[in-house]
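Worksheet: the structure to be examined is printed underneath.
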Amino acid sequence: MKTIHLEPTKTSPQITLDADHGIIEMKGNIISLDTSAIFDPIFNWINKYLNNPKDKTTIKINLEYLNTIGSKYLLILFRKLEGLPKRGNEVTIQWAYDQDDEDTLELIEDYKNLLHINFELIESN
């Protein structure tokens, strides 16, 4: 599969989808109200990736702002990958967050309670 790299805009994050290394990375902001425009290419890529995933898949999240609809789409993304451990593959979400951002930490805790995926929290300043 071809690696996809999407540059950030004022309303969407930088996105890297790298099947060769099993990495999905999002960095920046999800402000857009047309969140499907951001996530549809990611979902299409993931649907193909799931046919031949790496033994270990790492989802790297470093978002400064995530709107409500974006958080719902992010949950859908995580749910698509949640089945990989049942197939013997490892999935880890590495989430960098500002230690003073209680809203993001609460959101991460919600995801941890909803999902059967390993989370690694990375404090940033």
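The values are calculated or read from the model by the stated rules, or taken from the named source; none is laboratory data. Keep in mind that this is a model prediction, so the values were computed, not measured. Methodologically, a virtual Cβ is constructed for each residue, glycine included, from the backbone with ideal geometry; neighbour enumeration extends over all protein chains shown.
Cβ separations smaller than 7 Å between residues 6+ apart or across chains give the following pairs from region 66-86 residues that are touching a residue at least 24 places away in the same chain (Cβ under 8 Å) and of a type in the set (Gly, Ala, Ser) to residues that are outside any helix (DSSP H, G or I) and surrounded by 14 or more Cβ atoms within 10 Å (Cβ to Cβ): GLY70/ILE30. A single member of LYS56, LYS60 is at pLDDT 95 or above, exposed (fewer than 15 other Cβ atoms within 10 Å of the Cβ), closer than 22 Å to PHE119 by Cβ and touching a strand residue (DSSP E or B) at 6+ places or on another chain (Cβ under 6 Å), and it is LYS56.
Return the total of residues in region 79-125 being touching a strand residue (DSSP E or B) at 6+ places or on another chain (Cβ under 6 Å) and part of a loop (DSSP other than H, G, I, E, B). Of the residues in region 79-125, 2 are touching a strand residue (DSSP E or B) at 6+ places or on another chain (Cβ under 6 Å) and part of a loop (DSSP other than H, G, I, E, B).
Kindly indicate the residue of region 63-89 that is touching a helix residue (DSSP H, G or I) at 6+ places or on another chain (Cβ under 8 Å) and more than 18 Å from ASN113 (Cα to Cα) and also surrounded by the most Cβ atoms within 10 Å (Cβ to Cβ) among those meeting that condition. Checked region 63-89; the qualifying residue surrounded by the most Cβ atoms within 10 Å (Cβ to Cβ) is GLY70.
Residues that are touching a residue at least 12 places away in the same chain (Cβ under 8 Å), acidic (Asp, Glu), surrounded by fewer than 16 Cβ atoms within 10 Å (Cβ to Cβ) and out of contact with any Cys (no Cβ under 7 Å at 6 or more places or on another chain): does region 90-98 have at least one? Working first, answer last.
Step one: list which residues in region 90-98 are touching a residue at least 12 places away in the same chain (Cβ under 8 Å), which gives 90-98.
Adding the requirement that they be acidic (Asp, Glu) leaves 90, 98.
Of the ones still in play, those that are also surrounded by fewer than 16 Cβ atoms within 10 Å (Cβ to Cβ) are 90, 98.
Now narrow it down to the ones that are out of contact with any Cys (no Cβ under 7 Å at 6 or more places or on another chain): 90, 98.
The answer is yes, given that some residue of region 90-98 is touching a residue at least 12 places away in the same chain (Cβ under 8 Å), acidic (Asp, Glu), surrounded by fewer than 16 Cβ atoms within 10 Å (Cβ to Cβ) and out of contact with any Cys (no Cβ under 7 Å at 6 or more places or on another chain).
Scanning region 111-122 for residues that are surrounded by 12 or more Cβ atoms within 10 Å (Cβ to Cβ) and either free of Cβ contacts under 8 Å to residues at least 12 places away in the same chain or hydroxyl-bearing (Ser, Thr, Tyr) (or both) yields TYR111, LYS112.
Note on region 50-65: residues that are without any contact (Cβ under 8 Å) to a residue 60 or more places away in the chain, part of a strand (DSSP E or B) and of a type outside the set (Ser, Thr, Tyr) amount to 6.
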